1. Mind checking which of S153, C230, Q111 is farthest towards the positive end of segment 111-260's charge dipole, using Cβ charges of +1 (Lys, Arg) and -1 (Asp, Glu) about the Cα centre?
2. For F245, which sequence-distant residues (separation of 5 or more, or a different chain) have an amide H within less than 5 Å of its own amide H, given hydrogens modelled in the peptide plane?
3. Given the peptides 101-110, 207-216, arrange them by the average over their residues of other C-beta atoms within 10 Å, most packed first.
4. Under a point-charge model restricted to the Cβ atoms of Lys and Arg (+1) and Asp and Glu (-1), what is the dipole moment magnitude of segment 65-143 relative to its Cα centre, in debye to the nearest 20?
5. What FRET efficiency, computed as 1/(1 + (r/R0)^6) with R0 = 30 Å and r the Cβ-Cβ distance, is obtained for Q137 and S181, rounded to the nearest 0.05?
6. Taking the dipole about the Cα centre of segment 58-121, with the C-beta of Lys and Arg at +1 and of Asp and Glu at -1, give me whichever of A92, C69, T81 is farthest to the positive side.
7. Grab the beta carbon distance between T78 and D163, set R0 = 30 Å, and tell me the FRET efficiency rounded to 0.05.
8. So if R0 is 22 Å, what FRET efficiency would D264 and V197 give, r being the distance between their Cβ atoms, rounded to the nearest 0.05?
Amino acid sequence: MLNRVRGGVTAARRSFMRQTTPGGRLFMVLIGVLFVLPILCAGISGYYSDYHFSHLSASEHLGRARAACGISSGQDATNCTDPDEAFRQLWAISKSAPEYKVAADFIVSLQHQHVRLAAEATTKSEQARSQAFEQMQRNTNGESHDAFTCATSTENLPIMSFDSGQHWWKDDGRCASKLQSKRDSDAEIDSYWSTTVRVYTDMNSSWLPNEERTCRTYPDNNGKVSVVSCDGPESHADHNIPVTFWGGVDRNTTSDWKCRREGDDFVCRAIN
């Protein structure tokens with residue numbers, strides 16, 4: 001079996017060599033080299049970099065740490081520009097090296113910088129939130145009229161922002177109103193074509209042909225029409241039937257409609 005496989009590979013190789021011109025074979029070799037060469041170079045470069053790093057002296061590691069922080073000999077790392085690289089160089093210094101004491105003090109200085117910067121960032125964040133809160137209060141009190149952004153919270157509730165989404169606050173009604181205006185606008189567009197939805201309703205076969213009544217629709221949790229009541233809210237809307245609507249069915253509010261029996265079907269046209 002193995003001999004047959006080897007024979008097949010050899011035959012395929014000979015066939016390829018016969019069918020490919022010398023220029024074509026050279027071209028394919030060049031393509032292979034161009035594909036493999038970058039990978040090979042990257043591997044060699046990484047190996048050389050790791051090898052070179054592991055063979056640096058303690059003094060060289062210390063010098064590179066200072067260079068990463070942008071400081072010269074004898075200065076403290078109060079504002080290190082690249083603390084990650086500095087830490088990498090300093091941790092490579094052996095405890096037995098004469099430079100270890102300086103490296104240890106350097107590490108402590110970097111840690112103090114990290115704590116200081118974290119505290120400053122926290123203070124800055126708290127100040128920004130306080131300013132955003134004051135801006136929100138001015139707008140909700142009517143003292144300011146800044147542009148606002150709307151979104152939906154993780155609890156699926158409308159929220160608003162007055163600083164382009166940096167801080168979010170519970171909606172005071174303006175985002176809900178904006179969203180409802182969009183739904184109403186979409187409903188006007190939807191009035192140019194019909195949508196058939198299966199709903200619960202009190203409309204039934206007792207309606208005369210072409211009989212028309214004023215009905216009210218109620219939305220479900222997603223804001224889509226789910227109930228059509230024509231005989232008042234106390235009626236039993238227990239018939240689950242398809243109804244054709246001329247008007248938007250995603251309004252998230254109660255709406256009035258003119259509903260008519262047309263043959264065996266019921267059709268409702270939006271009033272508001």
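1. After comparing all options, I get Q111.
2. Amide H neighbours of F245: T195, T196, V197, C268.
3. Numbers: 101-110: 16.9, 207-216: 13.3.
Sorting 101-110, 207-216 by mean packing, highest first, produces 101-110, 207-216.
4. On the way: 8 positive and 10 negative charges, 31 e Å.
The dipole magnitude comes to about 160 debye.
5. Working: r = 25 Å, r/R0 = 0.82.
After rounding, the FRET efficiency stands at 0.75.
6. Selected residue: A92.
7. On the way: r = 32 Å, r/R0 = 1.06.
That pair, T78 with D163, gives E of 0.40.
8. Values: r = 17 Å, r/R0 = 0.77.
So, using R0 = 22 Å, E works out to roughly 0.85.
Values quoted throughout were computed directly from the atomic coordinates according to the rules given, and no laboratory measurement underlies them. Everything quoted here is computed from the prediction, not taken from an experiment. Using ideal geometry, Cβ is built from the backbone for each residue, glycine included, and neighbour counts are taken over all protein chains shown.
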